[in-house]
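Shown next, in structure tokens, is the structure this report addresses.
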Amino acid sequence: MKNSSSISFPSSFLWGAATSAHQIEGNNVASDWWAMENSAHWAVKEPSGDAMDSWHRWPEDMALAARAGLKDYRFSIEWARIEPEEGRYSLAAIAHYRAMVEGAISAGLRPMVTLHHFTLPQWLARQGGWLAPNAIDRFLAYVRVAGPIIANGVEYVCTINEPNIVALFGRLAKEGPSIISKGMPEPDFEMSNVLIEAHQRVREMLRYDHPNLKTGWSVAAQCFQALPGAEEAAAAYARSRETVFFEAAREDDWVGVQSYTRTVLDQKDGVAVTVRPEKGTSRTLTGWEYYPLALGGAVRDAHRITNGTPIIVTENGIATADDAQRIAYTTGALTALRAAMDDGIEVRGYYHWSLLDNYEWGKFEPTFGLIAVDRETFVRTPKPSLAWLGNIAATDGLTVRQTEAA
Ligand code: BGC
């Protein structure tokens, strides 16, 4: 038996890394997360503070990615900086993000821009956040004002990152952490509908304002796996947690799949119950089961539910202190991705989460980065995985030792 094999990807493939503004910029003081982090909140161990200081150091971040061989960079723009008070827009913040788009292009990276990645301006949060009566109109107004950022040189725009997780946070905010112990809490139903409407209306607006843009959104894909006999219960469980968000992407130009691990489901009295991984199962720094093949299942689910909307993997990665494990995980994920493509699924690209070690929503410990960042000096130190992924990007291929893909 051959013990290594090569797999290749189309030359048009997008190869990048992803970040989000709040997790790396630092001092995002007008956002709801900043307010939450600086009050006593059960979900926050430590505030984001300066984070990775990428508000100032983004040229260095991009240069490191490009020099390693990556061709694409996904980053988000921050509503709270662009509209720090309702109706008061910061031209300087818009110019900052426009400079990032142009900076990416001159560094040799194609920018993908996310319009909303978990954080809201405090003024909107005070009115009820996504459940405020005029939230969708305010979102549309913000995106229209931010238009110059994406007007030229950007091909792909992601409206909302992980709406299913946003709506889950919505429920946690209402009901508190007690709902966590019962498996993945169900996203807030009303908020899910608001997010779907917001996404579809922004998509139509962008189609009108910027006909060359390709608009989509990114769903947290959980690779649900039903044990025999639990199929129906699992489908019902997945519906509000994932399915409706993929269905909402049927008319999109592309759909983002974000995959980290799987969720195994059994049933009790016809109702789905999550099955804990067996004792001794390897877990990552976030406590999630180490399961690289999840990406294949996630992509297949997205394809089936959207009826074939082109897919981009907008996040995939692992929180680990062991960079060799990151390479092994990503090898397994890319192998599963290639297998899904071989079955006829259109996948246009892969963005690794994340370019940098960053602020993981309440704490800094789970290190997802291809680049380590010293939290006092902000010095960036690329890990071997950055050069490894950059080489795949530059050659559209990788060599897989059989043991790595398992
Ligand atoms: C989010 C990121 C987050 C990552 C790892 C995704 O849910 O989009 O912001 O850091 O997963 O938890």
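None of the figures in this text is laboratory data; all of them are computed from the coordinates on show. Keep in mind the model is a prediction, meaning the values are calculated, not measured. Glycine gets a Cβ as well: all are built from the backbone with ideal geometry, and neighbour counts include every protein chain shown.
Tabulated data
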{"item": "Cβ charges +1 (Lys, Arg) and -1 (Asp, Glu), total dipole of the chain, debye", "result": "480 debye"}
{"item": "Residues whose placed amide H lies under 5 Å from that of Val255, excluding near-sequence neighbours", "result": "Ile311, Ile312"}
{"item": "Ellipticity estimate at 222 nm from DSSP helix runs (n ≥ 4, -39,500 (n - 2.57)) divided over the chain, nearest 500", "result": "-11500 deg cm²/dmol"}
{"item": "Close Lys-Lys pairs in the chain, where close means Cα under 18 Å and separation is 8 or more or interchain", "result": "5"}
{"item": "Cα gyration tensor, the chain - rounded (a/c under 1.5), prolate or oblate", "result": "rounded"}
{"item": "Packing-based order for 333-339, 183-189, 157-163, 388-394, using average beta carbon neighbours within 10 Å, highest first", "result": "157-163, 333-339, 388-394, 183-189"}
{"item": "Residue of Asp374, Asp50, Asp72 that the Gaussian network model of the chain assigns the largest fluctuation, springs spanning Cα pairs under 10 Å", "result": "Asp374"}
{"item": "Projected label distance in nm at Ser106 and Val275, using a 7 Å step from Cα toward the beta-carbon", "result": "5.5 nm"}
{"item": "Helix runs (DSSP H) in the chain reaching 27 Å along axis by Cα, Kyte-Doolittle at least -1.0", "result": "189-209, 323-342"}
{"item": "Farthest toward positive dipole pole in the chain [+1 Lys/Arg, -1 Asp/Glu at C-beta], among Val145, Val275, Ala66", "result": "Ala66"}
{"item": "Label-point separation, Glu46 to Lys174 (7 Å along Cα→Cβ), nm", "result": "3.3 nm"}
{"item": "Listed residues Ile94, Ile136, Ile180, most fluctuating in the chain (Gaussian network, C-alpha, under 10 Å)", "result": "Ile180"}
{"item": "Inter-label distance for Gln225 and Phe189, nm, one decimal - labels placed 7 Å from Cα along Cα-to-Cβ", "result": "3.1 nm"}
{"item": "Part-to-part distance (alpha-carbon centres) for segment 338-406 and segment 7-30, which is given in Å", "result": "10 Å"}
{"item": "Among Thr331, Tyr351, Thr377 the positive-end extreme of the charge dipole of segment 313-384 (Cβ point charges)", "result": "Thr377"}
{"item": "Rounded if a/c under 1.5, otherwise prolate or oblate - segment 267-406, Cα gyration tensor axes", "result": "oblate"}
